[in-house]
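Right, one structure below, let's go through it.
The values are calculated or read from the model by the stated rules, or taken from the named source; none is laboratory data. Predicted model only: the values in this text are computed from it and were never measured. Because the Cβ atoms are built from the backbone with ideal geometry, glycine has one as well, and the counts that use them run over all protein chains shown.
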Amino acid sequence: MNVDASPLQNERRQVFLQQAGSQKIAAKVLEKLSAAGLGGDRSPDALNITVNHFRLRSGATGFWVGWFSGSDKLRVSVEVVRGGAVAKSFDTNTSTVVAWLIRPGSVERFDRMVNTLAQRIVAGI
């Protein structure tokens, strides 16, 4: 599985990498594939995931300004490879405006988006 964040603007890519975004997405997608019974022989030969858009509010912004500061966003393109060829490609995304006292921390909000994104990727396969 390949998770590529290179299309992101430098500042956003740095935040994505600080959150261990590539590793978290890969791990969560593998977890969801296994839970869906798509592991082993039923799994794709490869998944190429390209992060096209990412925005994560800081913990302080999420706490003090909440949904007024806009939303956290994560958008990807996915290529499903089987037999050495792209069998399917699609885009999916997730976002959240939850913050303040509910989920003030940026790590919690990011992990929640990764979980939702992984569900959508596996559903799209």
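Looking at the stretch 1-21, which of the residues that are among the small types (Gly, Ala, Ser) and in contact with a helix residue (DSSP H, G or I) (Cβ under 8 Å, 6 or more places away or on another chain) is surrounded by the most Cβ atoms within 10 Å (Cβ to Cβ)? Lay out the reasoning, then the answer.
Restricting attention to the stretch 1-21, the residues satisfying the condition of being among the small types (Gly, Ala, Ser) are 5-6, 20-21.
Among the residues that remain, those that are also in contact with a helix residue (DSSP H, G or I) (Cβ under 8 Å, 6 or more places away or on another chain) are: 5-6, 21.
Values: 5: 19, 6: 7, 21: 22.
In this case the residue turns out to be 21.
Please determine, by comparing only the residues of the stretch 87-110 that are of a type in the set (A, V, I, L, M, F, W, C) and surrounded by 20 or more Cβ atoms within 10 Å (Cβ to Cβ), which one is modelled with the lowest pLDDT. I'd like the intermediate steps shown before the answer.
Going through the stretch 87-110, the residues of a type in the set (A, V, I, L, M, F, W, C) turn out to be 87, 90, 97-102, 107, 110.
Now drop any that are not surrounded by 20 or more Cβ atoms within 10 Å (Cβ to Cβ), which leaves 99, 110.
On the way: 99: 52, 110: 92.
Among those residues, the one meeting the criterion is 99.
Pairs under 8 Å by beta carbon, first residue under 12 Å from residue 35 (Cβ atoms) and modelled with pLDDT of 95 or more in the stretch 111-125, partner part of a helix (DSSP H, G or I) and among the acidic types (Asp, Glu), six or more apart or different chains?
Note: pairs meeting the criteria are 118/31.
Would you confirm whether or not the stretch 19-28 contains a residue that is on the phi > 0 side of the Ramachandran plot and modelled with pLDDT of 95 or more? Can you show your working first?
In the first step, residues of the stretch 19-28 are kept if they are on the phi > 0 side of the Ramachandran plot; the result is 20.
Now restrict to residues that are modelled with pLDDT of 95 or more: 20.
Among the residues of the stretch 19-28, at least one is on the phi > 0 side of the Ramachandran plot and modelled with pLDDT of 95 or more, which makes the answer yes.
Give the stretch 22-57 a look and list any residue that's closer than 15 Å to residue 93 by Cβ and surrounded by fewer than 17 Cβ atoms within 10 Å (Cβ to Cβ), or say none.
52, 53, 55
Can you name every residue in the stretch 1-46 that is in a strand (DSSP E or B) and within 21 Å of residue 73 (Cα to Cα)? Working first, answer last.
The initial filter retains those residues of the stretch 1-46 that are in a strand (DSSP E or B), namely 2-4, 46.
Across the stretch 1-46, the qualifying residues are 2, 3, 4.
Could you list, in sequence order, the residues of the stretch 65-77 that are over 11 Å from the mean Cα position of the chain (by Cα) and either at pLDDT 80 or above or among the polar types (S, T, N, Q) (or both)?
Answer for the stretch 65-77, where residues must be over 11 Å from the mean Cα position of the chain (by Cα) and either at pLDDT 80 or above or among the polar types (S, T, N, Q) (or both): 69, 71, 72.
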